[in-house]
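The values are calculated or read from the model by the stated rules, or taken from the named source; none is laboratory data. None of the values given here were measured: they were computed from a predicted structure. Cβ atoms come from the backbone with ideal geometry, glycine included; neighbour counts cover every protein chain shown. For the accessible areas, the whole protein counts, side chains as well, though only heavy atoms, and no ligand, DNA or RNA atoms are used. Shrake-Rupley method; radii C 1.70, N 1.55, O 1.52, S 1.80 Å.
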There are 2 protein chains.
Amino acid sequence: MHTLEKISDQRLFAGRQIRYAHDSAVLNCRMQFSVYLPPQSEQQPVPALYWLSGLTCTDENFSAKSGAQRVAAELGLALVIPDTSPRGEGVPDDPEGAYDFGLGAGFYVNATQAPYQDHYQMYDYISRELPALAEADLPISTQRAIFGHSMGGHGALVMALREPYRYRSVSAFAPICNPVNCPWGRKALAGYLGNDESQWQDYDASMLLAKRKAAVPILVDQGDADQFLAEQLKPDTLQAAGTVSGSALELRMQPGYDHSYYFVATFIEEHLRFHARYLLP
Amino acid sequence: MHTLEKISDQRLFAGRQIRYAHDSAVLNCRMQFSVYLPPQSEQQPVPALYWLSGLTCTDENFSAKSGAQRVAAELGLALVIPDTSPRGEGVPDDPEGAYDFGLGAGFYVNATQAPYQDHYQMYDYISRELPALAEADLPISTQRAIFGHSMGGHGALVMALREPYRYRSVSAFAPICNPVNCPWGRKALAGYLGNDESQWQDYDASMLLAKRKAAVPILVDQGDADQFLAEQLKPDTLQAAGTVSGSALELRMQPGYDHSYYFVATFIEEHLRFHARYLLP
């Protein structure tokens, strides 16, 4: 078993915000992640909410800006907050250093294309290696839910739709709903998976949801003043897919909100309470 | 009257987080500040809480990390969040570019020493110019309270103790309580005010509080795991001064908390509710 190295440990809402480093066998590099352990975890293992961040983020953005820990402390839920890509020397970036591919932009897929396939295995890291590590060493249970923002909303939806037995519920803020059909998604999927678009379908939340009725409840919030709404996010496509499969998808358009963490902070409490309905006894 | 130029305007907790730029006559440079306007301000002017940030901060740290807007939206309070020093070309910095003097470290004093006195007039900017500007153009009333963190806690206490008629209440997180007697304070006061220490006393919260009973209620929170507690902050001295003058000071030591915004975020709700008792009818 790999060892978690503690980088920092800070008191927050009577619990602890901790940052760890560890060797990732799946990503073939050293990684960092953050976790919030609520006060209840001092008594017994608590359920864990996995948060997937968006483009350019690390584990720090959500940790500092969401305000989620206040509600997690009240409900007795842990937050596990990974990075958005492999990191470090030897991990290839976008050839031009673009913000929407490579470092900070792993898109939560298992890459098959050179030079990315040796490190960019974020799907397996998030769904397998990280929970195993965290559940072995931290006071969290195997009761999991998953949620995220933008690229991370895409990742959360894809993981919960593909392997619903891993999660009790899923939610997303302004997710990339139909990556095979938007510029961010097409660039990432072509770069990591190659030009054969048939290989992309298992990473498209709308295609997955249209194909099979979701086995977990889904909550999505989307700001209607989001600058990326029409070109990149396409929540209408997800809504249509949910209708086709008869899935339990609640998609809420939030008037006046943009794509920022101010939008996430506004509705994070409702997302935690949504997940608590399925995670807590 | 000067004009406020809107830099950004974002929906947050059903209100608006807005950033403005303006020419400051007092500071003799262009400045930025942020304001949170709660939904209630669409109906009528609301009371305003002025937040003073600590060393190295701008208006953005508190805006992004404190979570204060959630509670401000509930209570119907505006937040006014200024920068921590004058800025821009021509504004002199610390000769060695240190983090604890010059840019980002105005210490909320009116400088008398060259080359700082032409710009570093933060006491007058915060207590006079900024409220006049904000109250003229924004839906906020002249009912004010003031609070802050570290260097900003020092600034808030000093302003409320010197001119209590301007504020209904004051609070602070981990304030520099006795700047004439700690390294951060001695460096700043000598640099901005000169070596005659008799000129420093009016910027020392403990000396002000010992001299005269506070005319406004005071709340102070201090983490006992704060790395700056003993050398820089000295809350015991403030407590002693409050005892001497018989002032209404509540100083709370919070076990396990450090100096970071995680500490601020944990107790910000209690500070807003404290101020609301004096600001709201």
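Below, the figures for the structure above:
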{"read-out": "GNM top mover of A:GLN44, A:GLN121, A:GLN222 - chain A, alpha-carbon springs below 10 Å", "value": "A:GLN44"}
{"read-out": "For chain B, built as a Gaussian network whose Cα springs stay under 10 Å, the top-fluctuating residue of B:GLY153, B:GLY104, B:GLY194", "value": "B:GLY194"}
{"read-out": "Ellipsoid equivalent to chain A - semi-axes via the Cα gyration tensor, in Å", "value": "26, 23, 17"}
{"read-out": "A:LYS211 accessible area, 1.4 Å probe, all protein chains in place, Å² to nearest 10", "value": "140 Å²"}
{"read-out": "Amide H within-cut-off set for A:VAL220, under 5 Å, with H built and near neighbours excluded", "value": "A:ALA172, A:GLU250, A:LEU251, A:ARG252"}
{"read-out": "Cross-link table B:LYS211/B:LYS234; B:LYS187/B:LYS234; A:LYS65/B:LYS234; A:LYS187/A:LYS213; B:LYS65/B:LYS187; B:LYS65/B:LYS213, entries beyond 23 Å C-alpha to C-alpha", "value": "A:LYS65/B:LYS234; A:LYS187/A:LYS213; B:LYS65/B:LYS187; B:LYS65/B:LYS213"}
{"read-out": "7 Å along Cα→Cβ, label-point gaps from B:MET253 to other copies, nm, shortest first", "value": "5.6"}
{"read-out": "Inter-copy label distances at B:GLN199 (7 Å, Cα→Cβ; nm, one decimal)", "value": "7.1"}
{"read-out": "Estimated vicinal HN-Hα couplings, Hz - the range A:43-59 in sequence order (Karplus 6.51, -1.76, 1.60; Gly, Pro = x)", "value": "8, 6, x, 10, x, 10, 9, 8, 9, 10, 8, x, 3, 6, 7, 10, 5"}
{"read-out": "Förster radius 25 Å - calculated FRET efficiency between A:GLN201 and A:GLN113 (Cβ-Cβ, nearest 0.05)", "value": "0.90"}
{"read-out": "Sequence-separation-based contact order of chain B, relative, with Cα cut under 8 Å and 6+ spacing, percent", "value": "17 percent"}
{"read-out": "Inter-probe distance in nm under a simple model that places probes 7 Å from Cα toward Cβ, at A:ARG128 and A:TYR99", "value": "3.3 nm"}
{"read-out": "The range A:5-279: antiparallel DSSP beta bridges as a percent of all, rounded to 5", "value": "50 percent"}
{"read-out": "Scattering profile of the protein assembly as shown at q = 0.07 Å⁻¹ [log10 I(q)/I(0), Debye over alpha-carbon scatterers]", "value": "-0.45"}
{"read-out": "Hz values of 3J(HN,Hα) by residue in the range A:176-185 - Karplus curve (6.51, -1.76, 1.60), Gly and Pro given as x", "value": "6, 8, 8, x, 5, 10, 9, x, 4, x"}
{"read-out": "Percent carbon-and-sulfur accessible area, chain B, ignoring ligands, DNA and RNA, probe 1.4 Å", "value": "48 percent"}
{"read-out": "At least 20 Å² accessible surface lost relative to isolated chain, residues of the range B:247-281 (1.4 Å probe)", "value": "B:GLY256, B:TYR257, B:ASP258, B:TYR262, B:ALA265, B:THR266"}
{"read-out": "DSSP beta bridges in the protein assembly as shown [antiparallel fraction, %, rounded to 5]", "value": "50 percent"}
{"read-out": "Computed [θ] at 222 nm, deg cm²/dmol, the protein assembly as shown (DSSP H ≥ 4; -39,500 (n - 2.57); rounded to nearest 500)", "value": "-9000 deg cm²/dmol"}
{"read-out": "Interface residues in the range A:1-39 - accessible area drops by 40 Å² or more relative to the isolated chain, probe 1.4 Å", "value": "A:GLN10, A:ARG11, A:LEU12, A:PHE13"}
{"read-out": "Loop-located chymotrypsin sites (Phe, Trp or Tyr not before Pro) in the range A:55-111 whose Cβ has at most 16 other Cβ within 10 Å (DSSP)", "value": "A:TYR99"}
{"read-out": "A versus B: buried accessible surface, summed, Å² (probe 1.4 Å, to nearest 100)", "value": "1700 Å²"}
{"read-out": "Ascending list, in nanometres, of distances separating the A:GLY88 label from those of the other copies (7 Å, Cα toward Cβ)", "value": "4.7"}
{"read-out": "Heavy-atom accessible area per residue - the range B:5-279, 1.4 Å, Å²", "value": "35 Å²"}
{"read-out": "Per the axis that maps chain A onto chain B, nearest residue of A (Cβ criterion) and its distance in Å", "value": "A:GLY67, 2"}
{"read-out": "Positions from the range B:40-73 whose accessible area shrinks by 30 Å² or more when the full protein complex is built, not the chain alone, probe 1.4 Å", "value": "B:ALA64, B:LYS65, B:ARG70"}
{"read-out": "Most mobile of A:GLY191, A:GLY155, A:GLY90 in a GNM of chain A (Cα contacts under 10 Å)", "value": "A:GLY90"}
